Amino acid sequence: MSSREYRERAEAIRTAIESNPETVDIDELADLLVSESREARRTAFEAYRTLVSDRPTVADGVGARLESHLTDDAADVRERAALTAAAFADDHPDVVDGLVPALRSVGTDPAEPGREAAIVAIAKLAHTRPASIAPAVDALVAICDDPISAPASARAERGGPAGRSDAAAALQPEREQRDQARLHAIAALTLLAADDPAAVRSAAPSIASLLEDDHRLIRAGACEVLEDLATAYPASVEPFASELAERVATDTKHPVPWRAADALVALDAERPECVGEAVAPFANDLSRFLESSDVDRRRAGVALVADAALARPESLESIRPTLRDLLSDDDASVRMNAVIALGTAGTESDRSTVADLADSDPDERVRETATRVCGRFDGALDSE
């Protein structure tokens with residue numbers, strides 16, 4: 001059929017839906033959704049939205065037909081089917097739910113022209129049905145770790161007014177398309193990890209490798225996934241504590257350091273020694289957390305500092321003045337962890353201030369912690 005014939009047939013179906021929806025051939029409607037005519041595809045999609053409100057079971061028929069198109073011998077048909085699935089995923093997840101295996105097949109093949117569209121379709125489904133995308137974790141992780149880079153020769157050149165070679169500039173649209181798919185993929189992985197961390201547990205090493213990615217939002221998303229894994233399966237994140245600590249200390253791109261700190265705080269619940277050893281080399285770099293006006297950042301920062309103090313008390317030498325300031329913080333958790341840090345890494349000169357908290361702090365937890373710390377200063381208790 002010509003493009004004109006596709007458009008006319010799509011218009012005829014839309015008209016039929018208005019007068020006699022029971023007569024519509026669902027397979028034909030699904031075929032028009034992947035036709036060569038963009039206008040016909042748009043009209044068919046509008047027709048579907050009208051029809052499904054009267055015939056909800058249409059979703060199953062269209063989904064089954066789209067699945068056959070996703071496995072078609074023609075790559076261009078598979079690509080259009082993936083694009084159609086991505087369009088359906090936002091408002092019609094019933095259609096896409098059963099397509100995940102077929103979309104995964106398209107999304108795992110770097111040679112597929114519809115790869116990015118398939119990944120986007122899977123990722124969009126995660127917003128309403130995260131459990132449904134579990135079979136496609138490998139495809140989502142793989143594309144996150146597969147950005148498009150300019151050839152080495154092009155990167156070395158600095159031609160043109162924008163400082164880019166022609167080769168690098170030519171790749172820009174493809175790079176942007178890939179990055180959009182990668183961002184959809186990492187967002188889907190964060191949703192899945194929050195819903196079912198077991199589904200991404202085996203991918204922890206691959207997720208951790210994304211901490212070095214060039215895109216800040218990919219790095220931040222990797223931190224979020226690792227945070228959920230640290231809560232549910234701390235052993236799977238423990239090997240990557242040092243990488244997270246480095247992100248906390250050296251990454252300047254928002255929101256990466258804050259997300260990395262959250263992941264380490266989650267790991268701290270079960271592996272405080274591991275976190276302390278990882279953070280200690282970077283303790284001096286945590287001042288931006290300790291001095292932040294955001295209470296959540298101060299909480300995270302001082303919790304990590306307390307772990308570092310227990311692992312290597314000498315690492316806190318330069319930030320002890322800041323810790324002393326935090327003893328008067330408005331937040332009880334911040335004060336408590338500052339007391340813990342000074343209890344291990346402080347000096348005799350800190351004793352009187354801590355002793356005052358033991359008597360006068362309004363929060364019972366802070367008073368109890370300060371009392372124990374005073375005992376350590378007096379040599380009455382062993383260090384933890």
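The values are calculated or read from the model by the stated rules, or taken from the named source; none is laboratory data. None of the values given here were measured: they were computed from a predicted structure. In this analysis, Cβ positions are derived from the backbone assuming ideal geometry, glycine residues included, and neighbour counts consider all displayed protein chains.
Annotations for the structure displayed:
- Helices (runs of 4 or more DSSP H) wholly inside the stretch 1-59 containing at least 3 residues that are within 22 Å of residue 94 (Cβ to Cβ) and among the polar types (S, T, N, Q): 38-54
- Identity of the residue in the stretch 37-61, within 14 Å of residue 12 (Cβ to Cβ) and among the aliphatic types (A, V, I, L, M), that ends up surrounded by the most Cβ atoms within 10 Å (Cβ to Cβ): 44
- Between 273, 314, the distinction of being at pLDDT 95 or above, within 23 Å of residue 375 (Cα to Cα) and either of a type in the set (Asp, Glu) or not in a helix (DSSP H, G or I) (or both) belongs to 273 only.
Every residue, every condition in (1) over 12 Å from residue 103 (Cα atoms); (2) modelled with pLDDT of 95 or more; (3) among the polar types (S, T, N, Q), yes or no:
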| site | (1), (2), (3) |
| --- | --- |
| 51 | yes, no, no |
| 57 | yes, no, yes |
| 64 | yes, yes, no |
| 67 | no, yes, no |
| 70 | no, yes, no |
| 73 | yes, yes, no |
| 79 | no, yes, no |
| 82 | no, yes, no |
| 85 | no, yes, no |
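- Among all residues of the stretch 291-298, there is at least one that is under 30 Å from residue 193 (Cα atoms), without any contact (Cβ under 8 Å) to a residue 60 or more places away in the chain and surrounded by 18 or more Cβ atoms within 10 Å (Cβ to Cβ).
Listed here are the residues, each with its yes/no results for (1) part of a helix (DSSP H, G or I); (2) among the basic types (Lys, Arg).
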{"site": "81", "(1), (2)": "yes, no"}
{"site": "104", "(1), (2)": "yes, yes"}
{"site": "110", "(1), (2)": "no, no"}
{"site": "118", "(1), (2)": "yes, no"}
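- Hey, residue 346 at positive phi and at pLDDT below 95 or not: no
- Of the residues making up the stretch 317-372, those that are among the acidic types (Asp, Glu) and either in contact with a strand residue (DSSP E or B) (Cβ under 6 Å, 6 or more places away or on another chain) or within 16 Å of residue 292 (Cβ to Cβ) (or both) are 325, 329, 330, 331.
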